[in-house]
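Visitor: Quick one: structure below, then a few questions.
The values are calculated or read from the model by the stated rules, or taken from the named source; none is laboratory data. Quick caveat, the model's predicted, so the values are computed rather than measured. Positions of Cβ are backbone-derived with ideal geometry, glycine not excepted, and every protein chain shown enters the neighbour counts.
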Amino acid sequence: MNRNQFELLSAIEREGEKKLTQRYIAEETGMSLGIVNKTLREALEKELIYMNDKKQIQITNMGLEQLEPYRVKRAVILAAGVSSRMMPIILNTPKPLVRVHGRPIIETILDALLNVGIKDIIIVVGYMKEQFALLKERYPSIQFIENPFFNETNNISSAWLARQKLSNAYVLEADLVIQNPKIIRKYEYCSNHLGIYCERTDDWCFIVKKDFIQKMEIGGENCYRMCGISFWTDNDGKKLEQCLDEVWNRPGGKERYWDEVPFREYRNAFEIEIRKCKKKDLMEVDTWKELQTIDPIYTMQ
C-alpha cells in the first residue's frame, strides 16, 4: 500500500460513520484535493472502500486487511522521574498523577490509547511508584516496569529498561495533557515524532528537511518544538533497542536523555518523519508556575 492510500484508509477508518467530504479528508491527511480524488478513485477500483446508502465513504474488509500490518501494537509511557521543577506539589504526588482540570495527567494519555484499541500499555515508574498502582482499578490491562535508577540517571534508564517493548510502539512522556485524542492513532505508516512548528523556540526542537528530522537541538528557528510522543516501527524499534543498550553501557551513557540516542548518537541509522501537530492538541506541564497558569485551582494553594 502506498502512503496516500494508507492516509486515506486510516482517515476513513478513524472517522467511522461520519460523512466525509474530499476537503475534510484533505485537511485530515495533508494531501491536496487532487491527490485525494485520485486516491479515492484508486481505492474504489481496488474495492478498499465503498459508498453506502447514505452516500458515506466506508472502508471494506479488504481495506481493513490492508491496514492491519500498520496497527500500533503497544505503548510505553515514561513516568519514573522526579520532576523537581514541579515543587511543591510533587512532594506528595508524582507529576503524572497531578490533576489538571480534575483529571490526572496520565489518564489523558491512557484514555487516548485505549480509545484506539491499544491495550498493551507499559508504564515505567520510579518516583513514588506505589501511587501508580491505583491506576489498575480503572485500567486493568496496564503493566509496570520499575526503574531503580530513576534518581541516578537521566531518562535513558527508563527507555533502556523497556527497550524490548519498543517495536511497533508509541513512546510517550507521562507529563503530557492530551487535549486532542486524535493525535493517538490506531495505525502508523512509519517511524515518526510529534512536533509543533515554531518560528523560534528556546526548547528542545527538531531541524527538519522534506518532513524528515535532520537534527535535534536546544533552541532553533523555523523548526519543530519536540512533543513527547513518538512511534517506532518493528525494524526501527529493534534498532533502537540495540542502540539504547550500546549507549547505556558506554562511559557517560547513563547521563543521556533517551531521545538523544536515535537523534544524536545514531542519527544516520534512522529516518524519522516529523508528525506535525498543533499547540491545542496537547500541553506539557513543566513547572509549578505553568500548572498554576493552566489550572487556576492551584493559584489558591
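Visitor: Would you pick out the residues in region 96-130 that are within 17 Å of ASN180 (Cα to Cα) and among the hydroxyl-bearing types (Ser, Thr, Tyr)?
Guide: Selection gives THR108 alone.
Visitor: From the list GLY126, GLY102, which one is of a type in the set (Gly, Ala, Ser), under 30 Å from ALA159 (Cα atoms) and at pLDDT 95 or above? Quick ask: steps written out before the conclusion?
Guide: Values: GLY102 fails: at pLDDT 95 or above.
After applying the criteria, what remains is GLY126.
Visitor: Moving on. If PRO148 satisfies every condition in (1) at pLDDT below 95; (2) over 30 Å from ASN115 (Cα atoms) but one, which is the exception?
Guide: Checking PRO148 against (1) at pLDDT below 95; (2) over 30 Å from ASN115 (Cα atoms), the one that fails is (1).
Visitor: Shifting gears a bit: Sort through GLU271, GLU221, GLU246 and tell me the only one that's assigned by TED's automatic domain parsing to the domain that holds LEU78 and part of a helix (DSSP H, G or I).
Guide: After ruling out the rest, the residue left standing is GLU246.
Visitor: If we scan region 153-175, do we find a residue that is buried (at least 17 other Cβ atoms within 10 Å of the Cβ), among the basic types (Lys, Arg) and assigned to a loop (DSSP other than H, G, I, E, B)?
Guide: No.
Visitor: Look at ILE178 and say whether it is crowded, with 18+ Cβ neighbours inside 10 Å and within 28 Å of GLU246 (Cβ to Cβ).
Guide: no
Visitor: Tell me, which helices (runs of 4 or more DSSP H) lie completely within region 6-118 with 2 or more residues that are surrounded by fewer than 21 Cβ atoms within 10 Å (Cβ to Cβ) and in contact with a His (Cβ under 7 Å, 6 or more places away or on another chain)?
Guide: none
Visitor: Quick one: is ILE229 of a type in the set (Val, Ile, Thr), assigned by TED's automatic domain parsing to the domain that holds GLU271 and crowded, with 20+ Cβ neighbours inside 10 Å? Show your work before the answer.
Guide: Details: of a type in the set (Val, Ile, Thr): yes; assigned by TED's automatic domain parsing to the domain that holds GLU271: yes; crowded, with 20+ Cβ neighbours inside 10 Å: yes.
Criteria met by ILE229.
Visitor: Now for a separate question. May I ask you to say which residue of THR29, THR60, THR21 is free of Cβ contacts under 8 Å to residues at least 12 places away in the same chain, outside the structural domain of ASN168 (by TED's automatic domain parsing) and β-branched (Val, Ile, Thr)?
Guide: None of the other options fit; the residue is THR21.
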